[in-house]
Structure formats: structure tokens, C-alpha cells
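A.B. asks: Take a look at this one; I'll ask things after.
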Amino acid sequence: MLNEDKPHFYGRRQGRRLRKAKSTLMDSFLPSLKLNPENPLDFLPKGKKLYLEIGFGDGDHLAEHSKRNKDIYYIGAEVFKNGVANLLSLMTGIKKNEEISGEIALLPERSNNVKIWDNDIRLLFPLLPNACFDRIFLLFPDPWPKKRHANRRFINPENLKTLARLIKPGGILRVATDHNTYKFWTLRQMHQCPDFVWTATCGKDWKNPPADWVETKYQRKAIREGRRPVFLDFRRK
């Protein structure tokens, strides 16, 4: 059962009004992909790897990563309704202006290996067992650059303690950011956390995208605007 003592959430839950096709996807298709809070891992076959993406934004990274890796299972967490709708569009191939008739299904080239949590990820954490994730992605989170908002940043001692509980020994926490404040904040917080070690051995390890990286819309925007993303991998001890 969900925790009634909900943490305060900062940020938007919806942007522009959804077009008819995406609204239909949210009403008719999302329920089939929603995570079951009573038994969150009931979809995971025994022995398979499980990845979590926290705040998947428009869903482009999650959609492509899960398509390339059909033998890996994913949980995508996002509270922004428009982002969830866009992920569903990417997974079904249904465009925003398309007329939908008949049953909605995943694209033929996709595997049914993604479940969606469309709420604050912190509400899911207590429902999950220890050491269940092989990898967790936190890609381009809101940097909350003002000093007075630092306590809103996702990378903080309390959340890191929870992530350490959830990631298997040897598993990876991957953080990507294009904001210098968040980069230095993350490195400082991770250095002070005894449960993780930074995997980088030289500059190219964190200045260049990892081998299995999926370029995102936000990443392209950052580069166009002159901000250079960094890619920080931390291994669970």
C-alpha cells in the first residue's frame, strides 16, 4: 500500500493540453504498462536484469535503450504527464495527430519490457526489495541552481542511502548533467557517500558518452546552447 505521508514534490506535473491521440494513449494504453504497487516486480522474469530511469522526461532515452536491449527489463518513473504520453507515442508509433482505431499495441520491433511509474519515485522506493536494480539512470535532472533550493536536488544523502539499498553490489548509478553546479554538487555528495565509487579513471571517461549511451533531445539542446554534458558512473560497492 502507498505511503500516505507523501514527500513534497517540486516541479510541473503537466504542460500543454494533450492532443487527442496522446490523451487516448494515456487513457487506454498506459494502464497496461503501469507498475503494480501491490507487487511492483511481478512483471520481472527470474534472472533478468532490471534497470530504473528516474525522471525519463520525453522518454527518448528509455524508449531507445529498452528497444536495443530486449533482454533487460525497465521501470521508467516520470510525473510529467506530457512526458509519459510522449513515451507511449514512441513505444507505439502513434503520432499526436493520428486517428486511433482498433487495439493499441507496441511497435513490432519492441519487446514488452517496460513498466511505468507515473508518480513521485520516492513513493515507490519503500515498496521495492533490496538489491533489485542492476542500473539506475538519473539523466539531466532539474539542477535547482539557486543555493536556497539545494535541498530539492535529487542527489542528496537520504536518496543516496535509498539507492544504495536498491542497487545490487557492482551495479551502476549513472548521472548525466549539463549544469556545472549540479556536476560539482553530485561529485561532492557521491564522494561523501561510502556506498559508491566513481568509475572514471581519466577525463574521457566522464566527458564522453558511455558506449551504450542514447542521445537525448535535452542533450542536443544543451550542446546547441553551449553547455557540455558530463556522464558520471558510480559503482555500488
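A.B. asks: Regarding region 183-194, can at least one residue be identified that is on the phi < 0 side of the Ramachandran plot, in contact (Cβ under 8 Å) with a residue 40 or more places away in the chain and surrounded by fewer than 14 Cβ atoms within 10 Å (Cβ to Cβ)?
C.D. replies: yes
A.B. asks: Let me ask you something else. Here are K183, K207, K217, K237: which of them is over 17 Å from I54 (Cβ atoms), under 15 Å from the mean Cα position of the chain (by Cα) and not assigned by TED's automatic domain parsing to the domain that holds K115?
C.D. replies: K217
A.B. asks: Within region 21-37, which residues are closer than 20 Å to E98 by Cα, in contact with a Leu (Cβ under 8 Å, 6 or more places away or on another chain) and not hydrophobic (A, V, I, L, M, F, W, C)?
C.D. replies: K22
A.B. asks: Could you list all residues from region 191-223 that are charged (D, E, K, R) and over 18 Å from H61 (Cβ atoms)?
C.D. replies: Of everything in region 191-223, those that are charged (D, E, K, R) and over 18 Å from H61 (Cβ atoms) turn out to be D195, K204, D205, K207.
A.B. asks: Select from region 148-184 the residues that are more than 22 Å from P7 (Cα to Cα) and assigned to a helix (DSSP H, G or I) and list them in ascending order.
C.D. replies: N180, T181, K183, F184
A.B. asks: Grab the helices (runs of 4 or more DSSP H) fully contained in region 52-133, keeping just those with 1 or more residues being out of contact with any strand residue (DSSP E or B) (no Cβ under 6 Å at 6 or more places or on another chain) and farther than 28 Å from R235 by Cα.
C.D. replies: Helices (runs of 4 or more DSSP H) meeting the threshold: 81-92.
The values are calculated or read from the model by the stated rules, or taken from the named source; none is laboratory data. Note that this is a predicted model, so its numbers are computed, not measured. Note: ideal-geometry Cβ built from the backbone for every residue, glycine included; neighbour counts use all protein chains shown.
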